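Step one of this worksheet: look at the structure below.
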Amino acid sequence: MILAAGRGERMRPLTDTCPKPLLPVAGKPLLMWHLEKLARMGVSEVVINTAWLGDALVDAVGDGANWGLHVHWSHEPPGGLETAGGIVQALPLLGDQPFMVVNGDIWTDFDFSVLPRSLEGALGHVVLVNNPLHNPQGDFALSAEGRVKLEGQKLTFSGVSVLSPALFKGVSAGRKGLRPLLQQAIAQGRLTGRHYCGAWTDVGTPERLETLEKALAGAG
């Protein structure tokens, strides 16, 4: 599932007329980087949620055939449902097995194919990255055994994860964030993770978008 429903307030005025996942980076919309990567690793079914400027997303991606994918759309009410609420609404499209979730407004060279296909009793697996300047305190810590903790040297949640439908068991429909559910899973010892040290950017402001553009231009 690619999360693409956000308004992108901090990216205004760029996002007044363009949904954030369609903002171009190195000549290609953020969302297309994800779709290409998923197609290369053999994924065939993708769910994308929408709220702000959803029609523009549908017009750009369609049914996913251009990437050899089958895209299912989960349209949310104005204002969106936040991460957990959006996933709960999309659960009928996601099936009963663990599924990958990727924020539509990040750029990373992380290899999605190394993510676990089975969670072996865990409720989720999250990718953590070094803390960026805009999140110096981090989000979660990681044990040597790969268990996510609330205490310790914290890293930042990358927006890339594998989640079990069981994480959302009993969660009612509506606007809900993901963090409380992750914290519950941590308290149960049922959230695993990994630390990724490669390239990752939360493209949350025009300045970060410009910095990423320059970095990719230099790498090219």
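What about residue 46, is it touching a helix residue (DSSP H, G or I) at 6+ places or on another chain (Cβ under 8 Å) and part of a strand (DSSP E or B)? Considered against the rule, which asks whether it is touching a helix residue (DSSP H, G or I) at 6+ places or on another chain (Cβ under 8 Å) and part of a strand (DSSP E or B), residue 46 comes out as yes. Taken as a whole, the condition of being more than 15 Å from the chain's Cα centre (by Cα) and either among the aromatic types (Phe, Trp, Tyr) or modelled with pLDDT of 95 or more (or both) applies to residue 93. Select from region 134-161 the residues that are without any contact (Cβ under 8 Å) to a residue 24 or more places away in the chain and part of a strand (DSSP E or B) and write down the one among them that is least open to solvent (accessible area, probe 1.4 Å). Only one residue fits best here, namely 141.
Looking at region 56-75, which of its residues are open to solvent by 20 Å² or more (accessible area, probe 1.4 Å), outside any strand (DSSP E or B) and either among the hydrophobic types (A, V, I, L, M, F, W, C) or closer than 22 Å to residue 91 by Cα (or both)? Matches in region 56-75: 56, 58, 60, 62, 63, 65, 67.
Listed by position, the strands (runs of 3 or more DSSP E) enclosed by region 86-133 that each have at least 3 residues that are open to solvent by 10 Å² or more (accessible area, probe 1.4 Å) are 99-103.
Of all residues in region 162-193, those that are open to solvent by less than 70 Å² (accessible area, probe 1.4 Å), closer than 22 Å to residue 95 by Cα and in a loop (DSSP other than H, G, I, E, B) total 7. Can you tell which of 81, 53, 35 is surrounded by 14 or more Cβ atoms within 10 Å (Cβ to Cβ), in contact (Cβ under 8 Å) with a residue 24 or more places away in the chain, in contact with a Lys or Arg (Cβ under 7 Å, 6 or more places away or on another chain) and of a type in the set (A, V, I, L, M)? Only one candidate passes the filter, namely 81.
The values are calculated or read from the model by the stated rules, or taken from the named source; none is laboratory data. Small disclaimer: the values here were computed from a predicted structure and weren't measured. All Cβ positions, glycine included, derive from the backbone under ideal geometry; neighbour counts span all protein chains shown. Just so you know, the surface numbers come from the protein's heavy atoms only, side chains and all, with ligands and any DNA or RNA stripped out. Shrake-Rupley method; radii C 1.70, N 1.55, O 1.52, S 1.80 Å.
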